[in-house]
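Nothing in this text is a laboratory measurement; each read-out follows from the coordinates by a stated rule. Just so it is clear, the structure is predicted and the values come from calculations on it, not from any experiment. Reconstructed Cβ throughout: ideal geometry from the backbone, glycine too, with neighbour counts over all protein chains shown.
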Amino acid sequence: MAESAAGATPVFPGDRVERHDPRYPTMVRGFNRRFVGHPRYVQVCGDTGQVVRTVQRAVDEGLRLTVRCGGHCYEDFVCDNDGGVIVDMSAMDGVHRDGPDGDYCVEGGATLWNVYTHLYREYGVTLPAGSCYSVGVGGHVTGGGYGLLSRLHGLTVDFLHAVEVVRVDDAGRAEAITVSRDSPDPDERELLWAHLGGGGGNFGVVTRFWFREPPPAPTEAWLLNHAWSWSDLDPDSFAGLVQRYGEFHAANSGVGSPFAGLFGALHLTQNAGASSQVGLTAQYVGDEPSLLDEFAVAMRGDLPAPQVQATPVGHHRAGLRDTEIQRMPWLFATQTLNGSGPNQRGKYKSAYMIEPFPEAQVEAMWEHLAEPLNPNPQALLQVDSYGCQVNAVAPDATAVPQRSSIMKLQYQTYWTDPADDAQNLDWIRGFYDAMYGGRGPYPDGTVDGCYVNYPDVDLDDWQYLYYQDGYPRLREVKARWDPLDVFRHQQSIEPA
Ligand SMILES: Cc1cc2nc3c(=O)[nH]c(=O)nc-3n(C[C@H](O)[C@H](O)[C@H](O)COP(=O)(O)OP(=O)(O)OC[C@H]3O[C@@H](n4cnc5c(N)ncnc54)[C@H](O)[C@@H]3O)c2cc1C
């Protein structure tokens, strides 16, 4: 099914933001303050027809296109478009039930908060997606998407059934097409497959996602927030905490594990002085909340009694202000844990882990966290729970090949002054190299590559680290559906 470029009526006034417009300085920036663009204009789109017309006009005028939904990209794949057109999808934020099969339609400019609140209040269902409410579906879903319910239900894309995408054919003609897992044409099924984790900004502009049979939303959740002071840690007690966390996940991340309803995030912050702490946040949903106590006891080991987390770390808020486990309605828990935080400068790196941490990695963590050269309380390694239902899906069933990991690591550092760029970039690069060497976390049975939704332009072989054996297949899809390479950025799929 295709809709071609026709008509010229804007969907609402003021939809094109040009340089003289007072909104321009705001609308050319990303969530990451390192990224400031100089496009010819930003086009805010209100429906699919307008996206088709916008893409057609840019192609006809020879202007490069980039696409923005929530603006949360970790690298400068959107704003970095001098003299081009940024397609801003944020006015397309509807969420509703749709079609003969009763699938759930989410428009390509929605945020996760739009998704959670509408799906919950109107239908009592949810998606296993990210924790931060201001993240946009446009990047999040196309990159795979995971969050606190992923051990229970899988990745966001495991529920994605169809997409409507505006693409450009080999004659330079923009059209909207709808492709699904059931499309009779195998090329169309391949385009859908590429949207199951192949990454945003690669094949066209996604205007609508349809999700099939999303899980019922939990009624309640139990939350835990513990912290330990850096002054109470030495190399042995630090290593003990990290090893217990890894071993717990190795033992309890199989498909069908009773701990599938539990999701933890260990925040291994830099030691930045007297009030510095490392933190552990966890959520449990399900029928056995005592499993969360069990987890807490297992993590504590020989550490002193946990403290209240005193300060926010990066985009993670200071949680519950209580060390007791809190029980609350699940939607409130989702709100409590959402932590997009303020717009700052930031740099990120990632790694999947199949096994607990090797000793050399724990030593590298201590070296780069315990005594950093330029202490920054907002620099950390976050170790998220993974596995269980995520690993019930075959590596080639979606474009996310990492289906045997038990933990997902996110290296992060945040700052505000451009003068601090170099010291933050040096720290994160040095730490990452110490963990994996220059090649990054090359799949070797212990580590399993990187997450495309945490993109990192420092990676040399990003194609393999993100996509592994799926990359040649993604290149074929690119050649078929975006043959002129209209949609491109620093790490976009190269046409076959
Ligand atoms: C505070 C914060 C918290 C996060 N938490 C999580 C988490 O819990 N789990 C997780 O999995 N990830 C998380 N992420 C990572 C997040 O999933 C990615 O950054 C994601 O790509 C952001 O999507 P966006 O639409 O907000 O970003 P954007 O910057 O708008 O887009 C990101 C990429 O997708 C493309 N794109 C955007 N919209 C479309 C569209 N409609 N069609 C086609 N391409 C499009 C862009 O061109 C760009 O290449 C987090 C990020 C941040 C900043």
With only helices counted (DSSP H, runs n ≥ 4, each -39500 (n - 2.57)), the per-residue ellipticity at 222 nm for the chain, to the nearest 500, works out to -7000 deg cm²/dmol
Less than 22 Å apart at the alpha-carbon level, and either on another chain or at least 8 residues along: which lysines does that give for K408? K347, K349
Show me 158-164, 327-333 ranked by packing, highest mean number of other Cβ atoms within 10 Å first. 158-164, 327-333
From largest to smallest, what semi-axes in whole angstrom does region 186-258 give when each is the square root of 5 times an eigenvalue of its alpha carbon gyration tensor? 40, 19, 15
In range of the label at R189: residues from region 378-404 whose backbone nitrogen is under 14 Å from the point 7 Å along Cα→Cβ: 397-398
What order, most packed first, do the peptides 222-231, 102-111, 351-360 have when packing is the mean number of other Cβ atoms within 10 Å of each residue? 102-111, 222-231, 351-360
Could you calculate the contour length gain from A310 to L425, that is, 0.36 nm times the residue separation minus the distance between their Cα atoms, to one decimal place in nm? 38.8 nm
Any DSSP H helix in the chain with Cα axial reach of 27 Å or more and mean Kyte-Doolittle score of at least -0.5? Listed by number, the hits are none
Just rank F209, F77, fewest to most, by other beta-carbon atoms within 10 angstrom. F77, F209
Hey, with R₀ at 41 Å, roughly what FRET efficiency would E288 and D232 work out to, going by the Cβ-Cβ distance, to 0.05? 0.85
Pull up all non-local amide H partners of D103: gap of 5 or more, or a different chain, and H-to-H distance under 5 Å with H placed in the peptide plane. D98
Using the Cβ atoms and a cut-off under 10 Å, what net charge is assigned to the surroundings of G30, where Lys and Arg are +1 and Asp and Glu are -1? +1
If you wrap region 2-88's Cα atoms in a convex hull and average its projection over all directions, what's the area in nm²? 5.8 nm²
Size of electric dipole in the chain: Cβ of Lys, Arg +1 and of Asp, Glu -1, about Cα centre, debye, nearest 20: 1060 debye
Work out the charge dipole of region 1-147 with +1 on the Cβ of Lys and Arg and -1 on the Cβ of Asp and Glu about the Cα centre, then indicate which of G108, G144, S134 is farthest towards its positive end. S134
Within 10 Å of each residue's Cβ, count the other Cβ atoms and sort S150, S290 from fewest upward. S290, S150
Arrange the peptides 464-471, 171-178 so that the one whose residues have, on average, the most other Cβ atoms within 10 Å appears first. 464-471, 171-178
Expected sort for V44, V36, V297 with the fewest Cβ neighbours (10 Å cutoff) up front is V297, V36, V44
